[in-house]
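Note sheet for the following structure.
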Amino acid sequence: QVQLVESGGGLVQPGGSLRLSCVASGTSNVFIRMGWYRQAPGKQRESVAEMTHGGDTIYADSVKGRFTISRNNAENTVDLQMNSLKPEDTAVYYCYGLQFPPSRNYWGQGTQVTVSS
């Protein structure tokens with residue numbers, strides 16, 4: 001059973017930092033893509049940052065220059081370093097993994113990030 005387990009969410013003041021971590025278990029198959037999505041109340045889930053197995057990255061425009069994704073393929077982990085946090089970053093953050101073939105999407109349970117003074 002494939003599981004993605006997240007940690008690191010919490011409450012932080014504007015301008016502060018948090019580091020989210022995700023570890024995958026229960027599979028020996030490669031995740032061709034891993035990353036982080038977020039969903040705020042009343043909004044659609046959106047991609048925040050993603051990385052391919054080969055290390056290519058893509059960031060949402062709203063987080064470029066502030067967030068950094070990192071991935072350790074040997075350990076099956078993916079982290080998200082979040083700096084200069086803003087209130088609009090408040091959301092539930094989900095770890096994501098994609099395997100192929102067959103195409104299978106896996107999601108973590110979500111971790112709450114709240115940016116507020």
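Structure notes:
- For the chain, the fraction of C-alpha pairs more than 16 angstrom apart is 56%.
- Using the Karplus relation 6.51 cos²θ - 1.76 cosθ + 1.60 with θ = phi - 60°, the per-residue 3J(HN,Hα) values for region 54-59 come to x, x, 5, 10, 9, 10 Hz, with x marking Gly and Pro.
- When the residues MET51, MET82 are ordered by accessible surface, computed with a 1.4 Å probe over the protein chains alone, the sequence from largest down reads MET51, MET82.
- In sequence order, calculated HN-Hα J values of region 29-46 (Karplus, 6.51, -1.76, 1.60; Hz; x Gly/Pro): 7, 6, 8, 6, 8, 9, x, 10, 10, 9, 9, 9, x, x, 10, 6, 5, 10
- Karplus (6.51, -1.76, 1.60) ³J(HN,Hα), θ = phi - 60°, over region 10-21, in Hz, Gly and Pro reported as x: x, 9, 9, 7, x, x, x, 10, 9, 10, 8, 10
- Averaged over residues, the count of other Cβ atoms within 10 Å places the peptides 86-93, 31-38, 7-14 in the sequence 31-38, 86-93, 7-14, highest first.
- Test item: Cα-centred dipole of region 7-58, Lys/Arg +1 and Asp/Glu -1 on Cβ, debye: 160 debye
- Alpha-carbon centroids, region 20-42 and region 88-117: separation in whole Å: 6 Å
- Unit charges on C-beta of K, R, D, E only; dipole of region 1-94, Debye: 120 debye
The values are calculated or read from the model by the stated rules, or taken from the named source; none is laboratory data. Every value quoted in this text rests on a predicted model; they were computed, and no experiment measured them. Note: ideal-geometry Cβ built from the backbone for every residue, glycine included; neighbour counts use all protein chains shown. Accessible surface is based on the protein model in full, side chains and every heavy atom, while ligands, DNA and RNA are left aside. Shrake-Rupley method; radii C 1.70, N 1.55, O 1.52, S 1.80 Å.
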